[in-house]
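Structure record follows, encoded as structure tokens.
The values are calculated or read from the model by the stated rules, or taken from the named source; none is laboratory data. Computed from a predicted structure; not experimentally measured. A quick note on method: Cβ atoms are made from the backbone with ideal geometry, for glycine too, and the neighbour counts reach across all protein chains shown.
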């Protein structure tokens, strides 16, 4: 089922201005690390739930596990109900701040850092809590890095909209083409100085 026009417009509009940081690092033994970062206006506890609870992951992520990712141990993940299962075993866990789990043949590390951003000089104004979300994914094949970075960039955009209370659909797999995934991938190829 194609994405609604509302989702395409919201994600495409937010994609260009979302301040995602990205870095690719080649290690000596042939492994490449992709690190993406994003700061969102939400408390770390809320972001943590969106990283660990299957029903919330299903709103934005390609990783939808068969159980909450809140305990070390086995788990399986599916992008959609008819997709093949992939391993999502939780390897390391520091509740609220660090989650490292398998994703298929690789690993994904999530790290959360919470801070407060004050909204003005008025003492009566409530500070806005913000959280920096960092993702590090490990690759054996360097050529997968730009396409994966583009995919996560789209997913981070959807997550930021969901956390902002907007009603948008999850954009994963081929649906990402409708919001500009191919241009993002090309930009990451240039940014990481890779060739197709």
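Where in region 1-90 are the helices (runs of 4 or more DSSP H), entirely inside, with at least 3 residues that are over 14 Å from residue 158 (Cβ atoms) and without any contact (Cβ under 8 Å) to a residue 60 or more places away in the chain? Quick ask: steps written out before the conclusion?
Values: elements: 5-15, 44-52, 54-57.
The helices (runs of 4 or more DSSP H) meeting that bar are 44-52.
Of the numbered conditions (1) farther than 30 Å from residue 127 by Cβ; (2) surrounded by 17 or more Cβ atoms within 10 Å (Cβ to Cβ), residue 67 fails exactly one; give the number of that condition.
All conditions are met except number (2).
Being under 17 Å from the mean Cα position of the chain (by Cα) and surrounded by fewer than 18 Cβ atoms within 10 Å (Cβ to Cβ) is the filter here, so list the residues in region 7-17 that pass it.
12, 16, 17
Among (1) touching a strand residue (DSSP E or B) at 6+ places or on another chain (Cβ under 6 Å); (2) at pLDDT below 95, there is one condition residue 35 misses while meeting the rest; what is its number?
(2)
If residue 100 passes every condition in (1) part of a loop (DSSP other than H, G, I, E, B); (2) more than 20 Å from residue 173 (Cα to Cα); (3) free of Cβ contacts under 8 Å to residues at least 40 places away in the same chain but one, which one does it miss?
Exception for residue 100: condition (1).
On the basis of being out of contact with any helix residue (DSSP H, G or I) (no Cβ under 8 Å at 6 or more places or on another chain), assigned to a strand (DSSP E or B) and exposed (fewer than 13 other Cβ atoms within 10 Å of the Cβ), does residue 115 make the cut?
Yes: the conditions hold for residue 115.
What number of residues within region 134-160 are in a helix (DSSP H, G or I) and either out of contact with any helix residue (DSSP H, G or I) (no Cβ under 7 Å at 6 or more places or on another chain) or surrounded by fewer than 22 Cβ atoms within 10 Å (Cβ to Cβ) (or both)?
Summing the residues that are in a helix (DSSP H, G or I) and either out of contact with any helix residue (DSSP H, G or I) (no Cβ under 7 Å at 6 or more places or on another chain) or surrounded by fewer than 22 Cβ atoms within 10 Å (Cβ to Cβ) (or both) in region 134-160 gives 10.
Is it true that residue 168 is in contact (Cβ under 8 Å) with a residue 24 or more places away in the chain, part of a helix (DSSP H, G or I) and either within 27 Å of residue 128 (Cβ to Cβ) or touching a helix residue (DSSP H, G or I) at 6+ places or on another chain (Cβ under 8 Å) (or both)? Give the derivation first.
Numbers: in contact (Cβ under 8 Å) with a residue 24 or more places away in the chain: yes; part of a helix (DSSP H, G or I): no; either within 27 Å of residue 128 (Cβ to Cβ) or touching a helix residue (DSSP H, G or I) at 6+ places or on another chain (Cβ under 8 Å) (or both): yes.
When the stated conditions are applied, residue 168 does not pass them.
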